[in-house]
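Structure record follows, encoded as structure tokens.
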Amino acid sequence: MAEEAAVRAQAEAVRRLKQDKADPDEIAKEVAKLLEMKAQLGADEGKHKFVLKTPKGTRDYSPKQMAIRERVFNVIITCFKRHGAEVIDTPVFELKETLTGKYGEDSKLIYDLKDQGGELLSLRYDLTVPFARYLAMNKITNIKRYHIAKVYRRDNPAMTRGRYREFYQCDFDIAGQFDPMIPDAECLKIVHEILSDLQLGDFIIKVNDRRILDGMFAVCGVPDSKFRTICSSVDKLDKMPWEEVRSEMVGEKGLSPEAADHIGEYVQLHGGLDLIERLLQDPKLSQNKLAKEGLGDMKLLFEYLTLFGITGKISFDLSLARGLDYYTGVIFEAVLLQQENDHVEEPVSVGSVAGGGRYDGLVGMFDPKGRKVPCVGVSIGIERIFSILEQRVEASEEKIRTTETQVLVASAQKKLLEERLKLISELWDAGIKAEVLYKKNPKLLNQLQYCEDTGIPLVAIVGEQELKDGVIKLRVVATREEVNVRRESLVEEIRMRTSQ
């Protein structure tokens, strides 16, 4: 058929373009043409041919991947609860106007939905703006909460680096009027606890303050109107060398070369309390009210972090800017470090795994009377953490259990299905996680093999003799040790053997 030949020719053309590493846009265009031709061919045959893939920037999670994910969530939720947080949830979409104007240059990444019954809606971009809306709407002035949910960004996904269009965020926030820097220090302690518990390797938490940044821009001669846009350029310093950032400021954003050079002197500084003390004496910065306030609070923050015993992992870094418009005070970002090789002294960052800061004005934007509720919070970058742990599991070939089954109820002879079902029902009713094979007369070897394959630690074997004696044979899969247990003691025995 001519149509089929045309589809084959088009598929060959796409293959050649991919082989020649042609322009991605050209490849995408030819692939779209191929899909259209295939769909047309399918329609001609009177049946639809599905393209079996997940949408760009999304993924499915296999049972093995979900087991890793559950493990990570468990560490994070345990930590949030240890710090006294309550949990909330909000809708996956908000009114478009709720999200508009809160994210600076990133607003272009918001997913807008079609008009639904007169409401213009957008998918949530993060969990912070919905939280601020929730506080204003319910007139809440004081809460410590966590929220774990999916958010959506119309980004160009780089899935190998853990960047998606649909992904989870894990947020912890403290809202309320408190003495300075105590809640902020707790947020940093939480990041330190979670990254230490997950054993991801070495990390550093960079800390800065929006007021120090704004003060620095002012004394360097940046016009007020350019603060935010210059801020988002500075934020790229972890990915681009200073020369490129400087040329973006001057070439694209119209900043004077002198102002850019002044900024360059500051943003390459990082350290601890000593640097804060030095900047407090800086003739220019110390004259600026905002910068002075920010540095004073930063000094206080470091004193609290010293009491928590975590300053070894904290770096006061003047290049940290975090692009979001709503931050007003302390900002922070945790990055994982890896030694590139034995000859390199300086560890290299492999990307941000947590970030956050203080946003005292956001709730006031929603409150009809403009009442402010000061807030500080942290978001754990869960997808990047999953990517790292998945790669690690792949590399180590560690066996991951995807179920929590404690015991398989098995039989040694034929015609014992009824007895197996009676026993498993007793175990389920006692809260034991148990399975049974869905065959009337399974071979004992197959039942034992199933336990080996899935990691079930125990087998409760029902046999004719055991039934007469009122016992169950309990077999430990790993050691093949077998013991007879009285039926009435079985639940207790299983609990004891699987409690570790």
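Worth a mention:
- Restricting the stretch 193-208 to residues that are in a strand (DSSP E or B) and touching a Lys or Arg at 6+ places or on another chain (Cβ under 9 Å), the residue that is surrounded by the most Cβ atoms within 10 Å (Cβ to Cβ): 208
- Any hit, the stretch 175-183, residues being at pLDDT 90 or above, aromatic (Phe, Trp, Tyr) and touching a Leu at 6+ places or on another chain (Cβ under 8 Å): no
- Number of residues in the stretch 78-100 that are at pLDDT below 95 and loosely packed, with under 12 Cβ neighbours inside 10 Å equals 1.
- Residue 123 falls short on exactly one of the conditions (1) open to solvent by 70 Å² or more (accessible area, probe 1.4 Å); (2) within 21 Å of the chain's Cα centre (by Cα), and that condition is (1).
- Matching entry among 115, 60 (being exposed (fewer than 15 other Cβ atoms within 10 Å of the Cβ) and farther than 20 Å from residue 166 by Cα): 115
- Test: residue in the stretch 157-180 that is farther than 26 Å from residue 351 by Cα, in the same structural domain as residue 97 (by the TED database) and of a type in the set (D, E, K, R): yes
- Considering 461, 472, the condition of being buried (at least 18 other Cβ atoms within 10 Å of the Cβ) and touching an Asp or Glu at 6+ places or on another chain (Cβ under 7 Å) is satisfied by 472 alone.
- Considered as a group, the residues in the stretch 370-402 that are over 18 Å from residue 70 (Cβ atoms) and among the hydroxyl-bearing types (Ser, Thr, Tyr) include one that is most open to solvent (accessible area, probe 1.4 Å), and that residue is 396.
- Residue 211 of a type in the set (Lys, Arg), in a loop (DSSP other than H, G, I, E, B) and open to solvent by 10 Å² or more (accessible area, probe 1.4 Å): no
- Tally of residues being open to solvent by 20 Å² or more (accessible area, probe 1.4 Å), touching a residue at least 24 places away in the same chain (Cβ under 8 Å) and in a loop (DSSP other than H, G, I, E, B) across the stretch 404-439: 9
- Contacts under 7 angstrom Cβ, first residue in the stretch 192-219 being in the same structural domain as residue 391 (by the TED database), partner of a type in the set (Asp, Glu) and open to solvent by 40 Å² or more (accessible area, probe 1.4 Å), 6 or more apart: 211/293
- In the stretch 443-452 there is at least one residue matching the filter, namely being within 36 Å of the chain's Cα centre (by Cα), closer than 27 Å to residue 67 by Cβ, in contact (Cβ under 8 Å) with a residue 12 or more places away in the chain and surrounded by fewer than 16 Cβ atoms within 10 Å (Cβ to Cβ).
- Count of residues meeting criterion [small (Gly, Ala, Ser) and closer than 14 Å to residue 217 by Cα] in the stretch 238-269: 4
- Helices (runs of 4 or more DSSP H) (entirely within the stretch 219-299) containing at least 2 residues that are at pLDDT 85 or above, closer than 24 Å to residue 315 by Cβ and basic (Lys, Arg): none
The values are calculated or read from the model by the stated rules, or taken from the named source; none is laboratory data. Computed from a prediction, not measured in an experiment: that's the story for all the values here. Here Cβ is always computed from backbone atoms with ideal geometry, including for glycine, and neighbour counts include all displayed protein chains. Side chains are part of the model used for accessible areas, which takes the heavy atoms of the whole protein and leaves out ligands, DNA and RNA. Shrake-Rupley method; radii C 1.70, N 1.55, O 1.52, S 1.80 Å.
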